Structure formats: C-alpha cells, structure tokens
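None of the figures in this text is laboratory data; all of them are computed from the coordinates on show. For clarity, every value in this text was computed on a predicted model and none was experimentally measured. So basically every Cβ, Gly included, is an ideal-geometry build from the backbone, and we count neighbours across all protein chains shown.
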Amino acid sequence: MKNYRKYLLICIVFLGIPVVSNGLLIGYGIQSYSQSKETMIEATKSDGANLMTVQEVSEYLNIPSEEVLGIINTEQKMLEQYSVFSGRRFPHLIINGKYYFNKASVDEWLKEATLERRQYDTRKELILR
C-alpha cells in the first residue's frame, strides 16, 4: 500500500508540473499579446491622423489628385491585364467609394517606387520601366 501511495504521489507531481508550466506559458503569451496590441495602438495614435484623403495625399506627394488616382488605376489595369504586379502597389483602401491612404504605407511605397525608378504614364495607364 505504501508503494501505491508513493507512485501516486510521483504521478501527481509529474502530471502537475506540465500543467503549471503550461499555465504560466499561456499566461505569459496572453500578457505579451496584450502588451504588443497596446503598443501597436499607441504607435497608431502617435501618428496623428492615420488616414489621408486623396487630396491630402496629393498635397503630401505634391502631385495632382488625378495622378494619384491614375497611379492606382494604372497599377490595377496592369494587374488585371497580366495577372501579376511586381513590387508594392500604391497603398489605399476604399470606404463607401472614397479612397483613403495610410501615410506610413505611402512612404514605404514611395521609397520602393523611387528605388525601382518606376515611370507612370497615367494618361495611357502604362508603367514604363
């Protein structure tokens, strides 16, 4: 009977250790997730106005708003025509038919488009390489 209790105690300890350690890991994961989520929210708030309109993007890039929309339409046409588009497309989202842009994403697109030396002909909806 003593051996039975001894083995039972050993089994409880061996089964208890993983349960406790997994509980700690899950708790730590939840804590890390909530902290990273808070950090992302704070970073988003620190940007000020997160979304820009077509007019604001055109002023920011110092190009007419028609050209901003022309770049989007040109890239979309190229994607539809060739079923592929190499590189980053002009970042935007559409809400109720209105275009909105994230400044940080526009900056990333601008860096890539500049490095690739992309040439857009928005009148003919072509990207010249």
Problem - For q = 0.15, 0.19 Å⁻¹, Debye-computed log10 I/I(0) when each Cα of the range 87-129 counts as one equal scatterer - result: -0.45, -0.68
Problem - Full-stretch length increase - Asn3, Leu79 - with 0.36 nm per residue and alpha-carbon distance subtracted - result: 20.0 nm
Practice task
Order by neighbour count: Phe101, Phe14, Phe85, fewest other Cβ atoms within 10 Å first, most last.
Solution key: Phe14, Phe85, Phe101
Exercise for the section: Give me the distance in nm between label points sitting 7 Å out from Cα along the Cα-to-Cβ direction at Glu66 and Arg117, one decimal. Expected result: 2.9
Handout entry: Long-range tail of P(r) for the range 51-128 (Cα pairs > 20 Å, %)
Key = 26
Completion exercise
Going from the fewest other Cβ atoms within 10 Å to the most, one would list Leu110, Leu93 as Leu93, Leu110
